[in-house]
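First the structure, in the form of structure tokens, and then the observations on it.
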Amino acid sequence: SGSIKCIKNIFIQGRCTLIITFQMFKILALNCLLSAYSLSILALKGVKYSDYQSTYMGFVVAFYFLMLSKAEPLKKLNENKPPYTIFTVSSIVSIIGQSITHLFSLYFILQLTSQYDAIKELESLKSLDDPFEPTLINTVMFIFSVVVQTINFVVNYQGEPFMKSIFENKWLIRLSGLIIGLTVVVIFDLSPDLANSLELIQLPEDTIYRISFLGVLLADFIICFVFENWKKILGLYK
């Protein structure tokens with residue numbers, strides 16, 4: 001016998017696919033802006049990422065996008081309609097707000113770092129064509145870039161009402177937890193071998209600096225979360 005249940009499934013799957021596509025565009029925009037920030041700072045300081053560091057960041061982003069493809073739609077059809085375009089007020093506010101937040105976070109971290117190694121960093125300025133040598137600025141920028149990429153994927157994961165919650169995407173949560181865990185290990189120098197394998201140097205031996213570093217990253221996550229979910233927070237969208 002005929003059934004119209006398949007029509008409901010088409011709507012559910014279609015909405016989920018549309019939302020995943022929009023969130024990918026948003027994440028790509030934020031990651032491109034982040035790359036522009038970080039590469040500009042590195043160029044101004046006369047340093048760069050190593051080939052290994054660039055490859056590592058590329059793999060991290062690739063795995064995150066793979067985990068996004070694991071997102072599944074909710075079984076219940078929600079009364080809200082998905083946006084027809086990414087150029088909505090909420091999306092534009094979110095992208096601009098998150099970009100500004102990342103920029104200020106980067107500024108604060110560089111200000112914190114310059115207090116500890118300003119003279120050494122100025123003396124290390126050289127051509128980008130020279131062989132790679134790890135520096136404090138390179139290490140800080142690498143950690144910042146990897147963590148902010150993680151923030152972009154976690155914060156901009158849409159979840160309900162059109163797809164399952166991020167907590168049900170176990171592989172994405174595990175990958176995010178792994179990256180955050182490795183970040184804490186590197187910042188507090190809990191595994192020198194890990195830092196060496198990533199071609200990083202030890203951060204200043206100042207607990208306040210390291211906690212402040214983590215504090216800026218945490219504040220970045222919270223503020224970006226607010227910018228992405230401001231309509232839900234204000235009760236304008238359920």
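Some observations on this one:
- Per residue, the stretch 184-238 exposes 59 Å² of solvent-accessible protein surface, assessed with a 1.4 angstrom probe and all protein chains in place.
- Percent accessible area from carbon and sulfur atoms, the chain, protein chains only, probe 1.4 Å: 67 percent
- Globularity ratio of the chain, using Cα Rg and 2.2 N^0.38 Å: 1.15
- Distance between the pseudo-spin-label points of Phe11 and Tyr107 (7 Å out from Cα toward the beta carbon): 4.7 nm.
- Exposed loop positions in the chain were taken to be GluC sites (Glu not before Pro) whose DSSP state is not H, G, I, E or B and which have at most 14 other beta-carbon atoms within 10 angstrom. Between these positions, the longest stretch is 80-204.
- For the stretch 188-238 and the stretch 66-97, distance of Cα centres in Å: 25 Å
- Inter-label distance, nm, simple model (7 Å from Cα along the C-beta direction), Ala43/Glu205: 3.7 nm
- Lys26 sits among other residues whose Cβ lies under 15 Å from its own Cβ, and their net charge, with Lys and Arg +1 and Asp and Glu -1, is 0.
- Relative contact order (%) - criterion: Cα under 8 Å, at least six apart; region: the chain: 32 percent
- Within the stretch 64-103: backbone nitrogen closer than 13 Å to the Lys231 label point (7 Å, Cα to C-beta): 80-95
- Counting only Cβ charges, +1 for Lys and Arg and -1 for Asp and Glu, the dipole size of the chain around its Cα centre is about 1720 debye.
The values are calculated or read from the model by the stated rules, or taken from the named source; none is laboratory data. Predicted, not measured: the structure shown is a model, and the values here were computed from it. Counting neighbours? That spans all protein chains shown, and the Cβs are built from the backbone with ideal geometry, glycine included. Calculation scope for accessible area: heavy atoms of the full protein, side chains included, ligands and nucleic acids excluded. Shrake-Rupley method; radii C 1.70, N 1.55, O 1.52, S 1.80 Å.
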